[in-house]
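Written out below as structure tokens is the structure these notes cover.
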Amino acid sequence: MTGPLLHRDDPEAEPLSGNVKVTRQDWLNLALDVLVSDGVEQVKVLALAERMGVSRSSFYWYFKSRQDLLDALLAQWRATNTAAFIGQAEKTAPSITAAVLNVWHCVANGRLFDTALDFAIRDWARRAGKVRRALDLSDTERLAALTAMFVRYDYPAEEAATRARALYYMQIGYDLAQLGETVDERMSRVSHYLLIFTGQPARPGEVEDFAAYARRYWTEETT
């Protein structure tokens with residue numbers, strides 16, 4: 001494989017070109033869309049080919065089998081969601097509250113972290129041991145990154161691990177609940193969540209900076 005995989009909504013991904021040219025990334029992009037919208041059972045070679053208006057033979061230029069495609073989907077999820085989450089947790093920040101807000105950029109920015117894809121992987125993992133193991137590894141890596149984040153700000157090891165778990169699993173449940181909050185409702189609670197998860201109040205300007213970032217992306221999603 002050459003070069004980094006692109007996000008399924010990345011505008012720089014090569015476009016479909018009818019019957020003339022369909023790239024490996026086109027197959028991955030469409031398969032990811034189907035995985036998210038319909039589940040892994042509907043990621044079928046013939047159905048994907050029909051949707052793109054090409055023959056199945058195009059698929060075998062890029063993949064050995066359907067399982068090869070499924071493995072590539074899992075690899076792309078790790079290269080996007082897991083890598084982005086860990087990267088945000090490892091970013092330098094002037095305070096623990098700012099560090100948590102860096103992680104919450106993943107919640108605000110769907111281009112950085114695809115929440116729907118994460119849920120699709122979790123659903124798939126309930127029926128596939130290999131995916132379950134990959135998900136368990138990803139959760140472990142994400143929690144380790146969050147724990148290390150708290151440790152950097154002088155939290156004792158056990159407290160850091162506990163706060164990391166509370167932060168991580170709350171976010172999974174929060175997203176899964178699909179509360180339908182308005183942007184204003186969500187933002188009104190950010191400072192309180194920070195106090196709960198860190199035990200410290202946000203510094204001046206931190207919540208405002210995050211709000212400006214989040215509103216930019218949340219507004220794009222609703223327009």
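The values are calculated or read from the model by the stated rules, or taken from the named source; none is laboratory data. Quick caveat: nothing in here was measured; it's all calculated off a predicted structure. Cβ placement follows ideal geometry from the backbone for every residue including glycine, while neighbour counts extend to all protein chains displayed. SASA here: full protein model, heavy atoms, side chains in, ligands and nucleic acids out. Shrake-Rupley method; radii C 1.70, N 1.55, O 1.52, S 1.80 Å.
For the chain, the longest principal axis of the alpha carbon atoms and the long axis of helix 66-77 meet at an angle near 30°. Comparing GLY110, GLY180, GLY129 in a Gaussian network model of the chain where C-alpha atoms under 10 Å apart are linked, the largest mean-square fluctuation is found at GLY180. Other residues within the sphere of radius under 14 Å centred on the Cβ of TYR155, judged by their own Cβ, net out at 0 (K and R +1, D and E -1).
Place a +1 charge on the Cβ of each Lys and Arg in the chain and a -1 charge on the Cβ of each Asp and Glu, then give the dipole magnitude about the Cα centre in debye, rounded to the nearest 20.
Values: 26 positive and 30 negative charges, 140 e Å.
That gives the chain a dipole magnitude of about 680 debye.
For the stretch 84-223, the square roots of the Cα gyration tensor eigenvalues, ordered a ≥ b ≥ c, give a/c of at least 1.5 with a/b no greater than b/c, which places it in the oblate category.
Rolling a 1.4 angstrom probe over the protein heavy atoms, how many square angstrom per residue are accessible across the stretch 27-81? Spell out each step's value before the answer.
Numbers: 2590 Å² over 55 residues.
It amounts to 47 Å² per residue over the stretch 27-81.
Which of rounded, prolate, oblate describes the stretch 143-203, given a ≥ b ≥ c as roots of the alpha-carbon gyration tensor eigenvalues and a/c under 1.5 marking rounded, otherwise prolate only if a/b is larger than b/c? Display every interim value, and only then the final one.
Details: a/c = 3.24, a/b = 1.61, b/c = 2.02.
The shape class here is oblate.
For trypsin sites (Lys or Arg not before Pro), the sites in the stretch 50-145 that DSSP calls loop and that have at most 11 other Cβ atoms within 10 Å are LYS64, ARG126, ARG127. The angle between the Cα long axis of helix 206-222 and the longest principal axis of the Cα atoms of the chain comes to about 30 degrees, rounded to the nearest 10. What FRET efficiency would be calculated for the residue pair GLU141, GLU181, taking the C-beta separation as r and a Förster radius of 35 Å, to the nearest 0.05? For R0 = 35 Å, the calculated efficiency reads 0.75. Computed from the C-beta positions of PHE119 and SER188 and an R0 of 25 Å, the FRET efficiency is 0.45 to the nearest 0.05. In this rough spin-label picture, where each label sits 7 Å from Cα along the Cβ direction, the ASP38-TYR217 distance is 2.8 nm.
For the stretch 143-210, GluC sites (Glu not before Pro) are listed when DSSP marks them as loop and at most 16 other Cβ atoms sit within 10 Å of their Cβ; the list is GLU181.
List the lysines whose alpha-carbon lies under 30 Å from that of LYS44, not counting same-chain residues fewer than 8 positions away? Filter leaves LYS21, LYS64, LYS130.
How many angstrom separate the Cα center of the stretch 159-204 from the Cα center of the stretch 80-95? Answer, in whole Å: 16.
In the chain, helices alone account for a calculated mean residue ellipticity at 222 nm of -21500 deg cm²/dmol, with every DSSP H run of four or more residues adding -39,500 (n - 2.57). Accessible surface for the stretch 175-218, divided over its residues, is 63 Å² per residue with a 1.4 Å probe. Helix 115-125 and the longest principal axis of the C-alpha atoms of the chain enclose an angle of approximately 70°. Within the accessible surface of the chain, defined with a 1.4 Å probe on protein heavy atoms only, the carbon and sulfur portion equals 55 percent. Protein-only accessible surface at a 1.4 angstrom probe places the residues THR97, THR140 in the order THR140, THR97, largest first.
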